[in-house]
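The values are calculated or read from the model by the stated rules, or taken from the named source; none is laboratory data. Keep in mind that what you see is a predicted model, and the values were worked out from it rather than measured. Positions of Cβ are backbone-derived with ideal geometry, glycine not excepted, and every protein chain shown enters the neighbour counts.
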Amino acid sequence: MPSDLVIIVIYLALMFIAGLFFSKNIKSTADYFLAARSAPWFWIMGAVWATNIGFLHGYLAHGGAAYEWGLIQANFEWFQGPFAYILTGLFFIAFYWRAGIYTVPQFLERRYGPAIRLIYSIAWIFIFLVTIAAELYLGGMFLKNITGLPFWGTVLVLTGVVGTYTLLGGLGAAIMMEFVQFVIMMVGTIPLVFILLNIVKGFDGLKDTLINQWNVSPQYFSVLPDIHHPYGPGPWVILALCFVVSIGWCAGHQSMVQRNLGARSLYDAKLGYVVASVPKTLGAFLYIIPMLAAPIIFAQRGIFVEKADAAYGKLILNLLPSGMLGLFIAGLVSAGLSSIGSVLNSTSTIVVKDIYERFLVKGKSDHHYFISGRVATFLIILASLLLVPVVTKVHLIMWLEQTILAMLLGPFTAILMLGIFWRRTNTPGSLIGFLTGGAFALLMVIKINVFFLIGWWSFVVTMVVTVIATLLTKPPKNEKVEGLTWESDFHAKVGFIAEARAANNGTHVTQMPDIKVALPPWYLNLKYWATVILLVQIALLLFFG
Amino acid sequence: MAEEKKGADPKLIVAVQMTSIGVVLVILGTTVFVISLLSLLGLVQTSNPWTPYIAKCSIISNGAIILIGVAFALGGLIRHHEIAKNKKNEDNQAGS
């Protein structure tokens with residue numbers, strides 16, 4: 001164990017130094033909040049995946065849920081993630097990117113006005129504070145269990161490292177660390193699944209032992225839950241996941257979107273998002289499949305697990321030799337740090353861009369808002385630390401976070417989809433729909449508290465109410481929605497094609513326009529990637545459904 | 001919205017990121033590699049049946065991390081070199 005501690009300390013020190021080194025290049029708000037719009041597609045891919053995967057989403061909380069409920073947890077990796085990454089990359093990112101915005105609430109204001117921007121911003125700041133506190137709690141507990149150091153000591157070390165590089169380096173530093181995490185996770189932690197499957201004699205051996213010898217329900221190995229499952233019955237899970245929660249998460253979560261806004265081109269942003277679905281799918285082999293085998297290992301070695309969230313830590317601690325264990329811990333810590341860093345950076349972006357600059361202190365210099373970003377980051381760290389004791393009282397943290405997200409993402413996805421795909425949607429309609437959907441979601445939390453159902457039904461209610469309220473009120477002015485809807489985007493493309501044809505025919509333009517479209521190589525073609533990944537999803541559903 | 005101050009060179013940002021990632025991965029990978037080897041040598045003496053398999057996995061994954069690190073570090077340094085070369089050319093052109 002002392003040698004593993006050396007690895008962790010070296011790793012944290014490297015992150016700290018790299019963050020300090022990088023921060024020297026940051027000079028303006030665009031550098032700080034959008035990494036100077038420099039990121040190539042593979043940066044985006046790694047960053048999107050690493051933002052998604054942390055202590056909370058991924059290894060500890062999702063791994064813990066897989067230990068408790070089985071393969072159904074792979075829904076997030078095999079259906080929610082890939083499907084939403086592809087749809088968001090192909091259809092939604094372009095609107096954000098072309099609008100030249102910093103935040104999702106900024107886009108909402110352009111489409112629907114300032115009220116919805118304010119509500120959405122405040123809701124996300126609250127969610128982000130809870131998320132950071134939950135990540136710090138899980139990370140602190142994990143390090144405490146592994147190293148034996150005091151809980152608050154480990155939390156403060158994590159906060160110090162991630163706070164420093166995010167506070168000084170902004171999005172660029174966060175993306176950099178996320179890519180390090182991507183490599184360590186993908187290459188360094190994948191051996192665990194091979195080692196475990198080797199011990200339990202493959203996936204068939206695992207199924208055989210659990211179903212035939214332990215009398216575990218076959219449902220444990222299905223990605224579709226039955227009617228009595230706490231997640232809700234199968235079809236709702238797929239519907240709510242793929243069409244509401246996941247799209248809302250990918251297109252509405254500031255941390256996810258912000259990475260794409262930092263891309264060097266729209267194509268890089270789109271491709272990065274679509275290709276990120278590959279590591280997302282593989283994620284199930286990093287922390288879901290190993291946790292299915294975990295009960296057998298625990299039984300063989302007489303290990304008692306008091307809380308599902310602690311199962312992953314106990315598994316690696318008892319299975320891996322020194323060195324590999326250190327790398328694993330470093331990988332898990334980096335997963336947590338990158339998620340905290342990205343959320344921290346996004347929260348400060350929303351606080352500065354959507355609240356401070358928009359509503360409180362307008363028209364100051366760029367340097368003023370740049371410094372404000374750093375001050376906001378510091379204050380958010382402090383606020384999150386204060387929330388940690390509250391989060392420690394929650395039984396299954398993933399459930400709390402998913403419930404809060406479903407309450408916001410259901411209504412958000414409805415107004416985002418309507419806003420982009422139905423030009424007629426107007427400000428009063430969207431506001432009434434959003435608030436009604438939010439209130440309905442709150443009611444559902446009190447009555448049934450199943451987050452998939454909350455997400456789906458609040459989406460449906462928001463859709464219906466927004467459509468009715470929109471039809472009863474005046475349509476929006478053309479200039480207000482120009483460039484922000486699918487229709488206007490389509491018209492622009494058609495107009496471009498018509499102009500080019502006219503130029504070819506020589507009817508309107510005397511000189512041939514010099515149109516050069518740089519096509520990407522076939523292996524970077526978005527459509528090929530999207531098709532292959534969707535086919536893999538169907539295969540997984542057929543095999544494990 | 002306030003006017004944006006002139007920011008950093010995006011190419012330089014990517015070069016710095018690549019070099020940093022490369023250095024972090026190489027140092028981390030090498031440290032883990034050395035510690036794993038020492039630890040696995042100890043495990044061989046305890047006749048753990050899974051040791052050869054774990055050793056193989058460990059060597060492959062650490063080797064891959066080091067290789068990726070070297071590739072990124074070199075890529076970053078090459079980009080740094082290109083940026084410096086372009087800047088020198090621009091300065092020369094401006095001077096002439």
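Quick one: how many residues across segment A:74-100 are farther than 13 Å from A:Leu261 by Cβ and of a type in the set (Val, Ile, Thr)?
1
Identify, by number, the condition in (1) within 24 Å of A:Val155 (Cα to Cα); (2) surrounded by fewer than 16 Cβ atoms within 10 Å (Cβ to Cβ) that A:Ile371 doesn't meet.
(1)
Could you tell me whether segment A:482-496 includes any residue that is at pLDDT 75 or above, touching a Phe, Trp or Tyr at 6+ places or on another chain (Cβ under 6 Å) and either within 27 Å of A:Ser277 (Cα to Cα) or not in a loop (DSSP other than H, G, I, E, B) (or both)?
yes
Against the condition surrounded by fewer than 16 Cβ atoms within 10 Å (Cβ to Cβ), facing chain A (nearest Cβ under 8 Å) and at pLDDT 80 or above, how does B:Ile78 come out, does it pass? Outline the logic, then answer.
On the way: surrounded by fewer than 16 Cβ atoms within 10 Å (Cβ to Cβ): yes; facing chain A (nearest Cβ under 8 Å): no; at pLDDT 80 or above: yes.
So B:Ile78 fails the test.
For (1) buried (at least 16 other Cβ atoms within 10 Å of the Cβ); (2) at pLDDT 80 or above; (3) under 27 Å from A:Pro191 (Cα atoms), each residue gets a yes or a no:
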site: B:Ile21; (1), (2), (3): yes, yes, yes
site: B:Leu28; (1), (2), (3): yes, yes, yes
site: B:Phe33; (1), (2), (3): yes, yes, yes
site: B:Leu38; (1), (2), (3): no, no, yes
site: B:Ile68; (1), (2), (3): yes, yes, yes
site: B:Lys87; (1), (2), (3): no, yes, no
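Select from segment A:348-384 the residues that are touching a Phe, Trp or Tyr at 6+ places or on another chain (Cβ under 9 Å), of a type in the set (A, V, I, L, M, F, W, C) and over 16 Å from A:Ala123 (Cβ atoms) and list them in ascending order. If you could, list the steps in order and put the result at the bottom.
Taking segment A:348-384 as the starting set, the residues that turn out to be touching a Phe, Trp or Tyr at 6+ places or on another chain (Cβ under 9 Å) are A:348-350, A:352-354, A:356-357, A:361, A:369-370, A:372-374, A:376, A:380, A:384.
Pick out the ones that are also of a type in the set (A, V, I, L, M, F, W, C) and you get A:350, A:352, A:361, A:370, A:376, A:380.
Residues satisfying the conditions are A:Val352, A:Val361, A:Phe370, A:Ala376.
Quick one: which of A:Phe107, A:Phe33, A:Phe21 is within 12 Å of chain B (Cβ to nearest Cβ) and surrounded by 24 or more Cβ atoms within 10 Å (Cβ to Cβ)? Don't jump to the end; show me each part of the working.
On the way: A:Phe107 fails: within 12 Å of chain B (Cβ to nearest Cβ); A:Phe21 fails: surrounded by 24 or more Cβ atoms within 10 Å (Cβ to Cβ).
Selected residue: A:Phe33, the only one of A:Phe107, A:Phe33, A:Phe21 that is within 12 Å of chain B (Cβ to nearest Cβ) and surrounded by 24 or more Cβ atoms within 10 Å (Cβ to Cβ).
Please indicate, with yes or no, whether at least one residue in segment A:41-54 is modelled with pLDDT of 80 or more, within 14 Å of another protein chain (Cβ to nearest Cβ) and under 27 Å from A:Thr147 (Cβ atoms).
Yes - at least one qualifying residue is present in segment A:41-54.
Hey, can you tell me all the residues within segment A:467-487 that are surrounded by 15 or more Cβ atoms within 10 Å (Cβ to Cβ) and hydroxyl-bearing (Ser, Thr, Tyr)?
Listed by number, the residues that qualify are A:Thr470, A:Thr485.
Check segment A:165-177 and report whether any residue there is more than 10 Å from chain B (Cβ to nearest Cβ), touching a residue at least 60 places away in the same chain (Cβ under 8 Å) and closer than 27 Å to A:Met291 by Cβ.
The answer is no; no qualifying residue exists.
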